[in-house]
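Engineer: Take this structure first; my questions come after.
The values are calculated or read from the model by the stated rules, or taken from the named source; none is laboratory data. Note that the structure is predicted; figures quoted are calculated from it, not measured. Please note: Cβ atoms are built from the backbone with ideal geometry, for glycine as well, and neighbour counts cover all protein chains shown.
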């Protein structure tokens with residue numbers, strides 16, 4: 001791996017210094033102690049897309065002295081945990097940007113060969129890193145409160161099914177023995193935790209946190225959910241637990257209490273959505289958009305480059321896809337930044353010493369949801385009567401106004417001095433590109449003409465109606481109608497651009513017949529993506545409950561669940577049908593599904609593919625290339 005330009009090792013004038021990761025860097029700031037120490041399994045990258053850096057910069061901006069203890073296990077002599085001193089207030093622990101088990105293992109439970117969030121992309125992150133790091137923090141910093149959070153701890157705040165063990169596990173708060181668990185976006189919580197500890201106040205009762213209490217200490221109106229022991233005895237109680245978490249996922253909701261033996265994990269309801277001013281303040285912090293120079297010799301942090309010149313416009317997602325945990329982490333309400341804040345960041349990018357004129361993304365979890373909302377969600381009120389986007393878009397959403405606002409924003413960003421290109425590489429929700437009367441909105445023309453870097457990312461995820469219903473995704477004919485419009489728009493604009501599709505195999509509700517239906521659609525298009533996502537049941541998601549119980553928790557519909565490795569391999573081969581190594585698997589799947597009528601068309605397509613390879617070697621990147629979707 002080639003290190004970046006040596007110029008990046010120098011400290012350019014005008015950029016804030018990195019938060020200290022060593023005692024020498026503390027001394028350079030004139031600090032003799034820390035207020036907060038943040039521990040992470042990622043290499044330190046000072047960029048708003050990396051949670052620990054975002055939390056650290058916010059605490060720093062409020063006057064706290066913050067240190068970053070990143071990848072502490074990398075020091076060969078075991079001295080990583082003594083690299084920084086004991087903090088005065090608390091230790092914050094995160095496994096890293098993504099769940100450690102997802103970064104360490106594939107969906108087939110095989111060890112991954114790289115970890116792009118660590119120096120040089122080398123593996124070595126502890127399994128269930130939050131638990132491992134909390135134990136070590138207790139050992140090295142005795143008596144100091146330990147607070148856990150992030151995308152590993154948050155979805156595991158209550159008893160949960162663990163895919164890697166194929167077993168039920170206790171709340172991560174119980175297993176880690178931390179003092180407090182913060183779930184969701186944690187900016188306001190970490191500031192309040194620091195304030196309370198400074199003032200000698202209790203941490204109990206803080207919104208969007210979990211703590212351990214005795215039964216006698218429970219709030220009188222707490223809603224008790226199935227205990228860990230009850231869930232062990234009856235997996236169908238996962239349905240009751242899921243619905244309780246879903247129903248109480250709004251400000252003003254009841255406290256949830258789950259017994260683990262004689263004690264209870266208590267979940268406090270979420271805080272109200274952050275205001276636009278608050279969200280602006282989080283992203284206006286002085287990020288360097290670089291990895292710490294200590295990681296240069298190892299080859300840097302590979303995860304930085306895809307997002308280095310990106311602008312995050314908002315957080316939250318209204319899609320509520322069954323397999324994704326964003327709704328339970330960032331929330332359903334869109335918490336967006338102002339135009340002014342986004343343009344300030346664009347100006348900061350153009351002034352950066354390494355910027356070359358291309359902003360790689362102006363988006364968020366779903367790019368064209370910036371500014372989208374309705375009166376209920378913006379107040380933080382629950383809306384459980386219907387889904388926001390399926391089976392069709394809720395009429396209360398301000399689609400036309402939002403679309404025009406995003407169109408204006410993109411135009412302002414691309415007009416910024418020093419910006420040559422402003423692309424949208426986040427996923428696009430194609431059913432939000434139409435007005436309520438069905439016409440394509442003007443934003444679509446602008447996207448195709450100015451903001452697609454050759455490939456637009458869409459996530460139809462599947463083609464079979466039953467599978468899409470279990471996923472809570474629009475029907476495939478909605479995608480097909482947009483696919484036609486996109487091709488026509490590209491032809492009119494004279495653009496050689498493609499759609500990049502994400503597909504998931506092995507999702508609950510997917511029979512072999514459903515998998516073959518997707519294969520048939522791909523075969524018609526002579527399309528076979530280079531990568532396909534294998535379903536992983538992430539804790540606290542609707543799809544995880546489907547996987548565990550074989551039922552949809554909202555409808556109680558019985559679902560087929562592909563569990564065996566062979567069945568998942570067959571479904572994957574049907575999507576990756578152009579790979580010569582998959583030919584026998586495809587034939588086996590067609591036989592199992594009773595669709596041998598497709599064999600002649602399959603063999604003809606393979607012959608055309610082989611002829612094409614002999615005539616012209618496949619380019620390094622084409623419209624067939626699909627990145628792995630790690631949603632949530």
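Engineer: Among the residues of region 485-531, what is the count of those that are touching a helix residue (DSSP H, G or I) at 6+ places or on another chain (Cβ under 8 Å), under 23 Å from residue 424 (Cβ atoms) and assigned to a loop (DSSP other than H, G, I, E, B)? If you could, list the steps in order and put the result at the bottom.
Structural biologist: Here is the first cut: in region 485-531, the residues touching a helix residue (DSSP H, G or I) at 6+ places or on another chain (Cβ under 8 Å) are 485-486, 489-490, 493, 495-497, 499, 503-512, 514-516, 518-523, 526, 528-529.
Filter again for under 23 Å from residue 424 (Cβ atoms), leaving 485-486, 489-490, 493, 495-497, 499, 503-504, 529.
This time we only want the ones that are assigned to a loop (DSSP other than H, G, I, E, B), so: 495-497, 529.
Counting residues in region 485-531 that are touching a helix residue (DSSP H, G or I) at 6+ places or on another chain (Cβ under 8 Å), under 23 Å from residue 424 (Cβ atoms) and assigned to a loop (DSSP other than H, G, I, E, B) gives 4.
Engineer: Run residue 478 past the list (1) in contact with a helix residue (DSSP H, G or I) (Cβ under 8 Å, 6 or more places away or on another chain); (2) crowded, with 19+ Cβ neighbours inside 10 Å; (3) touching a residue at least 40 places away in the same chain (Cβ under 8 Å) and report the number of the one that doesn't hold.
Structural biologist: So the condition that residue 478 fails would be (2).
Engineer: Another question about this same structure. Could you run through region 65-86 and say how many residues are in a helix (DSSP H, G or I) and either at positive phi or not assigned by TED's automatic domain parsing to the domain that holds residue 138 (or both)? If you could, list the steps in order and put the result at the bottom.
Structural biologist: Narrowing region 65-86 to residues in a helix (DSSP H, G or I): 72-74, 79-82.
Checking which are either at positive phi or not assigned by TED's automatic domain parsing to the domain that holds residue 138 (or both) leaves us with none.
Selection size over region 65-86: 0.
Engineer: Let me ask something else about it. Scan region 551-570 for residues that are in a loop (DSSP other than H, G, I, E, B) and more than 25 Å from the chain's Cα centre (by Cα) and jot them down. It would help to see each step written out before you state the result.
Structural biologist: First, the residues of region 551-570 that are in a loop (DSSP other than H, G, I, E, B): 552-557, 559-564.
Matches in region 551-570: 555, 556, 557, 559, 560, 564.
To keep it simple, each residue is scored yes or no on (1) farther than 17 Å from residue 495 by Cβ; (2) crowded, with 18+ Cβ neighbours inside 10 Å; (3) without any contact (Cβ under 8 Å) to a residue 40 or more places away in the chain.
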residue: 390; (1), (2), (3): yes, yes, no
residue: 412; (1), (2), (3): yes, no, no
residue: 444; (1), (2), (3): no, yes, no
residue: 454; (1), (2), (3): no, no, no
residue: 472; (1), (2), (3): yes, yes, no
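Engineer: Something else now. Output yes when any residue across region 284-303 is farther than 30 Å from residue 360 by Cα and outside any loop (DSSP other than H, G, I, E, B), and no when none is.
Structural biologist: Applying the first criterion (farther than 30 Å from residue 360 by Cα) to region 284-303 yields none.
No, there is no match, as no residue in region 284-303 is farther than 30 Å from residue 360 by Cα and outside any loop (DSSP other than H, G, I, E, B).
Engineer: May I pose another question? Only one residue in 181, 213, 206 is at pLDDT 95 or above, closer than 30 Å to residue 284 by Cα and assigned to a strand (DSSP E or B). Which one? Write out each step before concluding.
Structural biologist: Numbers: 213 fails: closer than 30 Å to residue 284 by Cα; 206 fails: assigned to a strand (DSSP E or B).
Of 181, 213, 206, the one residue that is at pLDDT 95 or above, closer than 30 Å to residue 284 by Cα and assigned to a strand (DSSP E or B) is 181.
Engineer: If you don't mind, another one. Filter region 415-439 for residues that are touching a helix residue (DSSP H, G or I) at 6+ places or on another chain (Cβ under 6 Å) and outside any loop (DSSP other than H, G, I, E, B); which is surrounded by the fewest Cβ atoms within 10 Å (Cβ to Cβ)?
Structural biologist: By that ranking, first place goes to 431.
Engineer: Look through region 116-127, keep the residues that are out of contact with any strand residue (DSSP E or B) (no Cβ under 9 Å at 6 or more places or on another chain) and within 11 Å of residue 95 (Cα to Cα), and return whichever of them is surrounded by the most Cβ atoms within 10 Å (Cβ to Cβ).
Structural biologist: So, considering only residues that are out of contact with any strand residue (DSSP E or B) (no Cβ under 9 Å at 6 or more places or on another chain) and within 11 Å of residue 95 (Cα to Cα), the one surrounded by the most Cβ atoms within 10 Å (Cβ to Cβ) is 125.
Engineer: Can you confirm whether residue 311 is modelled with pLDDT of 95 or more, within 19 Å of the chain's Cα centre (by Cα) and either part of a loop (DSSP other than H, G, I, E, B) or within 30 Å of residue 389 (Cα to Cα) (or both)? I'd like the intermediate steps shown before the answer.
Structural biologist: Values: modelled with pLDDT of 95 or more: yes; within 19 Å of the chain's Cα centre (by Cα): yes; either part of a loop (DSSP other than H, G, I, E, B) or within 30 Å of residue 389 (Cα to Cα) (or both): yes.
When the stated conditions are applied, residue 311 passes them.
Engineer: Let me ask you something else. Inspect region 220-238 for any residue being out of contact with any strand residue (DSSP E or B) (no Cβ under 9 Å at 6 or more places or on another chain) and either assigned by TED's automatic domain parsing to the domain that holds residue 182 or in contact (Cβ under 8 Å) with a residue 12 or more places away in the chain (or both) and give the result as yes or no.
Structural biologist: Our first condition is that a residue be out of contact with any strand residue (DSSP E or B) (no Cβ under 9 Å at 6 or more places or on another chain); within region 220-238, this holds for 220-221, 233-234.
Applying the additional criterion that residues be either assigned by TED's automatic domain parsing to the domain that holds residue 182 or in contact (Cβ under 8 Å) with a residue 12 or more places away in the chain (or both) yields 221.
Yes, region 220-238 has at least one match.
Engineer: Give region 228-257 a look and list any residue that's surrounded by 17 or more Cβ atoms within 10 Å (Cβ to Cβ), out of contact with any helix residue (DSSP H, G or I) (no Cβ under 9 Å at 6 or more places or on another chain) and at pLDDT 95 or above, or say none.
Structural biologist: Scanning region 228-257 gives 244, 255.
Engineer: Something else now. If a residue has to be in contact with a strand residue (DSSP E or B) (Cβ under 6 Å, 6 or more places away or on another chain) and over 21 Å from residue 145 (Cβ atoms) to count, how many in region 49-68 make the cut? Please lay out each step first, then the result.
Structural biologist: Keep residues of region 49-68 that are in contact with a strand residue (DSSP E or B) (Cβ under 6 Å, 6 or more places away or on another chain), which gives 52-53, 56, 59-60, 64, 66-68.
Within this subset, residues satisfying the condition of being over 21 Å from residue 145 (Cβ atoms) are 53.
The qualifying residues number 1.
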